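The structure appears right after this line, and notes come after that.
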Amino acid sequence: REGHLIPVCFTSARTGAGLTELLDILGRLLPDPTEGNPPHFLKGEGPAAQPVEATTAADQHVIAHVFQVSNDPFRGKLGLFRIHQGTLTPATQLFIGEARKPFKVGHLLRIQGKNQTEIPVGIPGDLCAVARVDEIHRDAVLHDSHDEDHFHLIPPRYPQPVFGLALQPEKHGDEQKLSDALHRLLDEDPSLSVEHDTQAKETVIRGLGEVHLKVVLEQLKTRWNLTLVTRPPAIPYRETIAGTAEARYRHKKQSGGAGQFGEVALRVESLERGAGMVFADEVKGGVIPGNFMPAVEKGVHQAVIEGVMAGFPLQDLRVVVFDGKHHAVDSNEISFVTAARHAVQEAVQAARPVVLEPLVTLTVRVADEHFGGISAELSGRRGRVTGTDAPQPGVTEITSLVPMAELEGFESRLKSISGGDGSCAIAFSHYEAAPTEVQQRLAREHAGKRGGEQ
């Protein structure tokens, strides 16, 4: 209860000793729902949102919060929620968030491990579940009145998934099956993400570590009978420029009938990290008619996506179109798309292109005696230690910046060095220029691919 400390004694968890006593302590001393502090709901969005308190009163409107979604092989999609206010029965009709159409609860379930028991009523504090409601989702607020349409909780902050694995079905034709399975796993796991890298043509799952990804792969195999080929994902390198340059490109083609003509002059300028790509139109005098400017912008974006130096998307630059020419008969959209794309490529080549590599913040926690071994491992992976801390006696926490390309196999090495006692957390940090040898290697590989395609 508020203002009181609850003494809890833990004994050996391996033998199960002490668990009965712990559960007894929780049952006798922790507050029941009417004594606790309900979470603060918010009504509305943005700065205008107003805090609202649930009352834990059983005779008020129903307010419940969905904290987990799972997919049961027999009951379909399960939404697990906690009732904060009001009383639920199988006959209750509930709204999901701002939905205008309610659903009937039908079967109100209590989940205890693998057991699902139907119950006749749910009151504040109860953890319940409903099945076969496709619209239900994690963090949804369930209510029985439109008065609570705009209620929501501040969503919890989950660790950012960084460890990646590229997936491909071993059996041809299982692509849609894999897509459906991943969609269901995303409903269940907020720390899992799925990316479809169109440039590398691969599907990538990202999680919190190697163990997390192994669990996902095991679920895909056991629940959906999917056999997959896995490999490390392509590193999301990016390109940028270190200077400013101009270029002019004329696209002219004549083949007997209507020809093609378009000329574009533009300038590329470097921007600060994280600025993305900015397109600016400074054409005057109608030298490029306004109806062709969308085509020019399309050509610019094509060049930005394709990259120039090593085939990776460009970022942190400004493209300014300031001049050009058109022909009254031969100019068309494809002409200006082509001219703009080539003009960007030539300007970027003259503006000192640079390959950027993604860096992550890697936080490692190990016993003091393993500090030297972990520091050497990080140094060998081009890591830079940015700080150390001692969260408790005998334990050191090391924070470092490490290129994402150097993370493969790190968790295994950490377990080996620390005897299985070490732990780590990873979060994306920023992009910065890759070492010269890395840039040259990526440029050679890109040139080889282009040569092979030709």
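The values are calculated or read from the model by the stated rules, or taken from the named source; none is laboratory data. Owing to the predicted nature of the structure, the values given are computational and were not obtained by experimental measurement. Cβ: placed from backbone, ideal geometry, glycine included. Neighbour counts: every protein chain shown. Note: areas computed on protein heavy atoms with side chains; ligands, DNA, RNA excluded. Shrake-Rupley method; radii C 1.70, N 1.55, O 1.52, S 1.80 Å.
Taking a probe of 1.4 Å, how large is the accessible area per residue of segment 26-88, in Å²?
54 Å²
Taking N as the number of residues in segment 346-412, what is its Cα Rg relative to 2.2 N^0.38 Å? Don't jump to the answer; show the numbers that get you there.
Details: Rg = 16.1 Å, N = 67, 2.2 N^0.38 = 10.9 Å.
Normalised by 2.2 N^0.38 Å, the Cα Rg of segment 346-412 equals 1.48.
Any idea what the relative contact order of the chain is, in percent, if you count C-alpha pairs under 8 Å spaced at least 6 apart?
Relative CO of the chain lands at 11 percent.
In angstroms, what radius of gyration and Dmax does the chain have, counting Cα atoms only?
29.0, 92
So what are the three principal axis dimensions of segment 209-260 from its Cα atoms, in whole Å, longest to shortest?
62, 39, 13
In the chain, what percent of the accessible surface is made up of carbon and sulfur (1.4 Å probe, ligands and nucleic acids excluded)?
52 percent
Using a 1.4 angstrom probe, figure out how much accessible area segment 328-454 has per residue, in square angstrom, rounded to the nearest whole.
50 Å²
Quick one: what does P(r) look like for segment 154-304 with 10 Å bins over all Cα pairs, in whole %?
8, 27, 19, 18, 19, 9, 1
In whole Å and largest first, what semi-axes does the C-alpha gyration tensor of segment 63-163 yield when each eigenvalue is scaled by 5 and square-rooted?
Output for segment 63-163: semi-axes of 20, 19, 13 Å.
Using a 1.4 angstrom probe on the protein heavy atoms only, could you order ARG365, ARG250, ARG381 from most to least accessible area?
Descending order: ARG250, ARG365, ARG381.
Which value in Å is the Kirkwood Rh of segment 84-135 over different Cα pairs?
Numbers: mean 1/r = 0.0851 Å⁻¹.
Evaluated on segment 84-135, it is 11.7 Å.
Quick one: dipole size for segment 93-234, taken about the Cα centre, charges +1 on Lys/Arg Cβ and -1 on Asp/Glu Cβ, in debye to the nearest 20.
Value, rounded to 20: 460 debye.
Going by alpha carbons, how many degrees (0 to 90, nearest 10) lie between the helix axis of 333-350 and the longest principal axis of the chain?
Around 90 degrees separate the two axes.
With each run of n ≥ 4 DSSP H residues scored as -39500 (n - 2.57), what mean residue ellipticity at 222 nm is computed for the chain after dividing by its residue count and rounding to the nearest 500 deg cm²/dmol?
Numbers: 8 runs with 109 residues, N = 454.
After summing the helix terms and dividing by the residues of the chain, the value is -7500 deg cm²/dmol.
Assuming a viscosity of 1.306 mPa s and a temperature of 10 °C, what translational diffusion coefficient in µm² per second does Stokes-Einstein assign to segment 288-329, Rh being the Kirkwood radius over Cα pairs?
135 µm²/s
On a 0 to 90 degree scale, rounded to 10, what angle separates helix 293-306 from the longest Cα axis of the chain?
Once rounded, one gets 70 degrees.
May I ask for the distance between the Cα centers of segment 248-299 and segment 151-172, given as a whole number of Å?
What the calculation gives is 38 Å, centre to centre.
Tell me, what is the 1.4 Å probe accessible area of MET293, in Å² to the nearest 10?
Result for MET293: roughly 20 Å² accessible.
How much length is gained if the chain between PHE371 and LYS221 is pulled fully straight, taking 0.36 nm per residue apart and subtracting their Cα-Cα distance, in nm to one decimal?
Values: separation 150, 0.36 × 150 = 54.00 nm, distance 3.81 nm.
That pair, PHE371 and LYS221, stretches by 50.2 nm at full extension.
Measure up LYS104/LYS177; LYS252/LYS298; LYS201/LYS221; LYS114/LYS415 against 21 Å on the Cα-Cα distance and list the ones that go over.
The answer is LYS104/LYS177; LYS201/LYS221; LYS114/LYS415.
Over segment 37-132, what is the relative contact order in percent, taking alpha-carbon pairs closer than 8 angstrom and at least six residues apart?
25 percent
Taking only Cα atoms of segment 373-433, what ratio of Rg to Rh do you get with Rh as the Kirkwood inverse-distance radius?
Details: Rg = 11.9 Å, Rh = 12.5 Å.
Taking Rg over the Kirkwood Rh, I get 0.95.
Taking every alpha carbon pair in segment 337-382, what does the distance histogram look like in 5 angstrom bins from 0, in percent?
In order of increasing distance, the bins hold 5, 14, 15, 12, 8, 7, 8, 7, 8, 7, 5, 3, 0 percent.
Keeping all protein chains in place, calculate the accessible area per residue for segment 99-150 (probe 1.4 angstrom), answer in Å².
Ligands and nucleic acids excluded, the figure is 58 Å² per residue.
Using Cα pairs closer than 8 Å and at least 6 residues apart in sequence, work out the relative contact order for segment 202-319, in percent.
Averaging sequence separation for qualifying contacts and normalising by length gives 29 percent for segment 202-319.
Calculate the length of the line joining the C-alpha centroid of segment 311-325 to that of segment 345-418, in whole Å.
Value for the Cα centre distance between the two parts: 34 Å.
How big is the Cα convex hull of segment 296-403 in projection, averaged over all directions, in nm²?
The Cα convex hull of segment 296-403, projected and averaged over all directions, gives 9.4 nm².
Can you give me the three principal axis dimensions of segment 220-299 from its C-alpha atoms, in Å, biggest first?
Computed over segment 220-299, the largest-to-smallest principal extents equal 65, 42, 19 Å.
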